[in-house]
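S.K.: Quick one: structure below, then a few questions.
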Amino acid sequence: MISVVLPFHKNLLLLNRSLRSIEKQEFMPEEVFVIDNSAEGILDDFSYSGSKYLRRILKIISVRRRQSGALARNVGIKKVKEGNLIALLDSGDIWHPSHLQNAQNAILENKDIKSLIHLKDTVMVG
């Protein structure tokens with residue numbers, strides 16, 4: 001199973017773009033954590049209008065302070081279900097629809113390899 005951790009800072013348009021890219025995955029994650037990395041709590045009243053499935057697995061975590069993207073990722077990683085693989089996506093970036101499926105396949109095909117797998121099908125937007 002895969003969990004997605006997505007740090008967010010202030011731009012709702014870019015966040016929605018990233019969430020739609022998750023929604024279009026051929027292999028869906030089990031949970032998605034969006035870490036609200038703004039002091040203002042911008043996502044306190046956020047309601048995603050996409051698919052019912054993504055709305056069900058989407059969890060917003062507000063840290064109520066501005067911190068680096070790396071620290072925000074760490075907050076999300078601590079929330080991931082034990083045993084799940086973690087996919088990191090920055091707010092505003094989008095994935096090719098087969099990104100998570102390709103990652104899952106690569107991991108299953110190379111069970112004995114203990115190394116970081118980085119697939120280069122994340123697209124920078126903005």
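S.K.: Heavy-atom accessible area of ILE77 with all protein chains present, probe 1.4 Å, nearest 10 Å²?
M.R.: 70
S.K.: Using +1 on the beta carbon of Lys and Arg, -1 on that of Asp and Glu, and nothing else charged, what's the dipole of the stretch 1-97 about the Cα centre, debye to 20?
M.R.: With only Lys, Arg, Asp and Glu charged at Cβ, the dipole is about 140 debye.
S.K.: Taking volume of the Cα convex hull per residue in Å³ as the quantity of interest, determine which of [x] 150; [y] 88; [z] 102 was computed from the displayed structure.
M.R.: [z]
S.K.: For every helix of n ≥ 4 consecutive DSSP H residues, a contribution of -39,500 (n - 2.57) applies; sum these over the chain, divide by its total residues, and give [θ] at 222 nm rounded to the nearest 500 deg cm²/dmol. Walk me through the intermediate numbers first.
M.R.: On the way: 4 runs with 38 residues, N = 126.
Value at 222 nm, helices only, nearest 500: -8500 deg cm²/dmol.
S.K.: What's the tally of Lys pairs in the chain whose alpha-carbon atoms lie under 19 angstrom apart, where the two lysines are 8 or more places apart or on different chains?
M.R.: 7
S.K.: Work out which helices of the chain, taken as complete DSSP H runs, extend at least 27 Å along their axis over the Cα atoms and score a mean Kyte-Doolittle of 0.0 or more, then list them.
M.R.: none
S.K.: Write out the trypsin sites (Lys or Arg not before Pro) in the stretch 25-72 meeting two conditions: DSSP loop, and at most 14 other Cβ atoms within 10 Å of their Cβ.
M.R.: ARG64, ARG65, ARG66
S.K.: Please list the non-local residues whose amide H lies under 5 Å from the amide H of SER62, H modeled 1.01 Å from N, same-chain partners needing a gap of 5 or more.
M.R.: Amide H to amide H, under 5 Å and 5 or more residues apart or across chains, SER62 pairs with ASP36.
S.K.: Right, here's the next one. Per residue, how much accessible surface does the chain expose to a 1.4 Å probe? Answer in Å², no decimals.
M.R.: For the chain, the solvent-accessible area averages 58 Å² per residue.
S.K.: I would also like to ask the following. Below 8 Å between Cα atoms, with a sequence gap of 6+, how large is the relative contact order for the chain in percent?
M.R.: Dividing the mean separation by the residue count of the chain yields 35 percent.
The values are calculated or read from the model by the stated rules, or taken from the named source; none is laboratory data. Bear in mind the structure is a predicted one, so any value in this text is a computation, not a measurement. Reconstructed Cβ throughout: ideal geometry from the backbone, glycine too, with neighbour counts over all protein chains shown. Areas reflect the complete protein model, heavy atoms only, side chains present, ligands, DNA and RNA absent. Shrake-Rupley method; radii C 1.70, N 1.55, O 1.52, S 1.80 Å.
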